[in-house]
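Here the structure comes first, spelled out in structure tokens, and everything after it is commentary.
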Amino acid sequence: MLHVDLDQFLAAVEVLRRPELAGQPVVVGGRGDPTERAVVSTASYEAREHGVRSGMPLRVAARRCPGAVFLPLDLPAYEEASQRVLAVLRGWPDAVVQVLGWDEAFVGIRADDPQEVARGLQAAVLRETGLHCSVGIGDTLVRAKTATDLGKPRGTAVLTRDTWLEVMGPRPTAALWGVGRRIATRLAGLGIDTVAELAHADDAILRAEFGPTHGPRLSELARGEGADRPDDTPWVPRARGRETTYQQDLLTPEQVRQAVGALAERVLEDVGEEGRPVRRVHLKVRFAPFFTVHRSHVLATPTTDPEVVAEEAFALYQQLDDDRPVRLLGVRGEMVPPAGGS
């Protein structure tokens with residue numbers, strides 16, 4: 001099992017288009033203007049050396065790395081590059097490819113020497129696209145994906161059942177795929193700080209804290225267990241959504257209504273491509289400065305009408321009964337499942 005992850009993907013695509021930026025700190029995000037409200041989507045390794053990280057406000061990135069080159073997002077360019085990489089992976093003999101996103105995928109192969117295959121894939125991706133990638137090798141999806149980080153950048157690494165706890169055991173639980181800061185904090189409240197402690201934790205305690213399904217799944221994750229082969233079944237979107245961070249806070253309900261309407265129009269354009277109506281409307285609101293809430297409601301009748309979705313989203317906003325300035329809005333339409341399920 002291999003996990004292929006493109007190194008500094010968005011920044012690497014930009015450097016390919018602008019070779020003069022090679023070796024410079026490059027930050028990609030928003031409209032490329034660090035004076036505007038937007039966040040870092042990707043930073044080159046040179047920018048990361050200055051503490052620039054994905055999700056960081058562009059203004060903060062500019063303070064940490066004053067000499068960085070800031071570039072706007074170019075989604076079509078990244079999609080095109082991603083498809084070229086996937087074509088290389090899918091063209092490998094007998095490969096089974098499960099796509100995780102623009103810049104990463106699992107690749108199932110049968111090989112006596114997976115390291116040799118990993119190096120071959122790296123060379124093929126570089127030759128066909130000009131992009132570098134790192135490859136993790138493991139006997140489960142979790143171990144392969146985790147190994148990738150150990151090999152970055154441009155390298156390979158291996159994690160198996162025999163080496164997993166030796167390598168990962170002493171690390172904090174947040175080092176695990178899918179364990180974020182909030183879950184790690186809750187685990188710490190149970191006296192569980194490391195991967196090894198979580199791997200040997202009492203499932204009854206985890207069930208009580210995280211539920212009957214997610215609790216035991218966390219200890220399984222800490223042991224590196226799970227699926228041992230990729231699934232190349234085509235992915236069917238469950239929902240379509242749009243969100244915008246506003247350069248000037250929205251101060252009145254009418255401004256929010258208009259903004260929600262514009263987002264709903266874009267969401268329903270996306271939904272139209274799927275051919276399935278919206279059955280649940282989700283609203284995301286970030287009040288100034290950074291307090292975020294999420295609300296949703298199931299529609300009585302599924303719809304493809306953007307006005308219906310907009311009115312439902314605005315009703316969710318009104319129910320919050322909060323007159324603080326709005327910094328960000330997001331509208332998402334969860335669609336009726338396709339025949340046979342998602």
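Can you find, within segment 269-304, the residue that is modelled with the highest pLDDT among those that are farther than 18 Å from R242 by Cβ and within 22 Å of the chain's Cα centre (by Cα)? Among them, the one singled out is F291. Per the listing A111, A95, A87, A124, the residue uniquely more than 18 Å from the chain's Cα centre (by Cα), at negative phi and either at pLDDT below 95 or in the same structural domain as V27 (by TED's automatic domain parsing) (or both) is A111.
In segment 70-86, the condition of being touching a Pro at 6+ places or on another chain (Cβ under 9 Å) and touching a residue at least 24 places away in the same chain (Cβ under 8 Å) is met by at least one residue. Segment 117-201 holds helices (runs of 4 or more DSSP H) entirely within its bounds, and those carrying 1 or more residues that are free of Cβ contacts under 8 Å to residues at least 40 places away in the same chain and farther than 30 Å from V88 by Cα map to 164-168, 181-189, 195-199.
Here the condition is being assigned to a strand (DSSP E or B) and modelled with pLDDT under 95; of T233, T245, it holds for T245 alone. Being within 22 Å of the chain's Cα centre (by Cα) and under 15 Å from H132 (Cα atoms) holds for only one residue in A22, A61, A47, A81, and it is A81.
The values are calculated or read from the model by the stated rules, or taken from the named source; none is laboratory data. Everything quoted here is computed from the prediction, not taken from an experiment. Reconstructed Cβ throughout: ideal geometry from the backbone, glycine too, with neighbour counts over all protein chains shown.
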